[in-house]
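Novice: Below you'll find the structure I mean.
The values are calculated or read from the model by the stated rules, or taken from the named source; none is laboratory data. Treat the numbers as computed from the prediction; the structure is a model and nothing was measured. Counting neighbours? That spans all protein chains shown, and the Cβs are built from the backbone with ideal geometry, glycine included.
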Amino acid sequence: MASNNDRPVARGAGSERGSDPVARTRGAVRRYPGVLALDHVDFEVHPGEVRALLGKNGAGKSTLIRLLSGVEKADEGTVEIAGTALTGGGSREASQLGVATVYQELSLIPQLSVAENYHLGALPTGRGGLVRTAHMKDAADAALAELGVRVDPGTPVGALPVAEQQMVEIARALRGSPKLLILDEPTSSLAAAAVDVVLQAVTRIAATGVAIIYVSHRLNEIRQIADTASVMRDGRLVETVGTKGASSDDIVSLMLGDAASATEATARRTSAPATDRPVVLSVRELAVPPKVREATFDLHEGEILGIAGVLGSGRSELLRSIAGLQPPASGTLTVFGERLRRWSVRDMIRRGVGFTPEERKTDGIVPLLGVDENIVLADRSSVRRGPLLSGRRQRAAAAKLVSALSVRTPDVGVPVGALSGGNQQKAVIARWLHRGSRILLLDEPTRGVDVQAKAQIYELVRKLADDGVSIVFVSNELEELPLVCSRVVVLRDGAIAAELTGADITESAIFAATLADGTGSAAASTTGESQ
């Protein structure tokens, strides 16, 4: 494919033809230590155009957004808003030129009302400096009505459904009549039924002439609202295509490039599918609102089951619910033959289920406690002598697992927070092996660790599976799933939408299944033979 840096930028049907671009980068370069995040990117978007920005994690999307919104300055090249070059004056400079950005994580204050959040940072005042409360409510009500939303402006924003909270955030961004609105994954936290509210609002906003950059992994949304889609890969803008003329397979190919083929050619799954072995965990119609509406799957003895899905698909919520940390709205679990309708963390630990959380540093370890203390945390009764903990037994138990899992530490008494990320992760896994867990729920187990540590964790997971431990492996890095898993299920639109086994587990197949838009094109190669 030709690089978009070498050809004219495509314009969508919604843009004002012949108009000057609202935002433009020319030869934009942004470097971080050891990383070229943006590599001479040429990009532009025009009034009334909805431009989708697509790419894998790390492709450069967020960096480009930060440059356009003034949060960061390009190391080389230029960034222009409405014909004026940004000089490095920060987000205030970009805002004054007409840029508004709505990030994935909402910045609302739940305890304040809709009206107060709408006017946050710019409360209208009258004589004597008194806040004009009635005006605040009228203005917020009118702004939301223009987006097709009717809510009581006096309601605490935290009491609203997430979709309406998102609309309050967008309305606030539009308060200054921006020329460019950047929406970063605006529907990632929404259930499928609530997505239409946001999409209809985006269409209304674009119709007023505002240019919109829309970041999303959901191709069905992109096709509904975007005129064009710019695809980024490895810091470069590789192509801009019309959304009506490009197939889902074409877009997936652009996003992955040749790297996926190379990864798939060298992928080695050391364990065969284990579907002929006993089922140790059966999940049936598990609903965890608002992201998971119905998840059904089985986990077999000695199996490594991957769960894939785009950001916001509900993977972590699903694992947390199974682990007993987040009560489901409905559904059942069957653990080692025992059917459960209600369960707690204590119940699951007692039944042999261990959970390693996505946020290792905040939720997985106690940084100031020793490696040994962290390892025995889930089962301290085994290292007691009478009513007291035995330091000798604690150290001996930890030392055995430190050796077995190759945890690099000068001493088991060293605070676990002093270890590298990979060794911290192995210590968390060791905790559940000390407990004797036979099912491990691993949420992003290689997040934030280096390449060598990742390889060590892969090897450890495969060895545990060979020893009969059953593992659910959730990862945002799709390229690692073919290297570890014997089966992969894809969570999309709140449900398990595809299943891949054996040689069908490739990065491109998984990626296509996560992005499938309901037309059948992207999903065809992933669901046909494997289900």
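Novice: Taking I205, is it part of a helix (DSSP H, G or I), under 19 Å from the mean Cα position of the chain (by Cα) and under 26 Å from A82 (Cα atoms)?
Specialist: No.
Novice: Does I375 satisfy being hydrophobic (A, V, I, L, M, F, W, C) and touching a residue at least 60 places away in the same chain (Cβ under 8 Å)?
Specialist: no
Novice: Sticking with this one: Among the helices (runs of 4 or more DSSP H) confined wholly to region 27-127, which include 1 or more residues that are touching a residue at least 60 places away in the same chain (Cβ under 8 Å) and among the hydroxyl-bearing types (S, T, Y)?
Specialist: 61-68, 90-97
One line per residue, one yes/no per condition, for (1) without any contact (Cβ under 8 Å) to a residue 40 or more places away in the chain; (2) closer than 25 Å to L67 by Cβ; (3) in contact with a Ser or Thr (Cβ under 7 Å, 6 or more places away or on another chain):
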position	(1), (2), (3)
L174	no, yes, no
P178	no, yes, no
I182	no, yes, yes
S188	no, yes, no
V195	yes, no, yes
I205	no, yes, no
V215	no, yes, no
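Novice: Still on this structure, I have one more. Look through region 224-253, keep the residues that are part of a helix (DSSP H, G or I) and at pLDDT below 85, and return whichever of them is farthest from A201 (Cα to Cα).
Specialist: S253
Novice: Mind counting the residues in region 263-290 that are charged (D, E, K, R) and either at pLDDT 95 or above or more than 25 Å from F511 (Cα to Cα) (or both)?
Specialist: 4
Novice: Continuing with the same structure: Of the residues E44, E116, E49, which is over 27 Å from V157 (Cα atoms), of a type in the set (D, E, K, R) and surrounded by fewer than 24 Cβ atoms within 10 Å (Cβ to Cβ)?
Specialist: Only one candidate qualifies: E44.
Novice: Of everything in region 479-489, what is under 20 Å from the mean Cα position of the chain (by Cα) and either at pLDDT 95 or above or of a type in the set (S, T, Y) (or both)? Give them in sequence order.
Specialist: Correct list: V488, V489.
Novice: Checking the condition within 21 Å of L108 (Cβ to Cβ), under 23 Å from the mean Cα position of the chain (by Cα) and not basic (K, R), which residue from A226, A194, A171, A159 passes? Spell out the reasoning first.
Specialist: Details: A226 fails: within 21 Å of L108 (Cβ to Cβ); A171 fails: under 23 Å from the mean Cα position of the chain (by Cα); A159 fails: under 23 Å from the mean Cα position of the chain (by Cα).
That would be A194, the only listed residue that is within 21 Å of L108 (Cβ to Cβ), under 23 Å from the mean Cα position of the chain (by Cα) and not basic (K, R).
Novice: I want to confirm something. Restricting to region 408-462 and keeping residues that are hydroxyl-bearing (S, T, Y) and more than 22 Å from I322 (Cα to Cα), which single residue is nearest to the chain's Cα centre (by Cα)?
Specialist: Step by step, filter region 408-462, then rank; the result is Y458.
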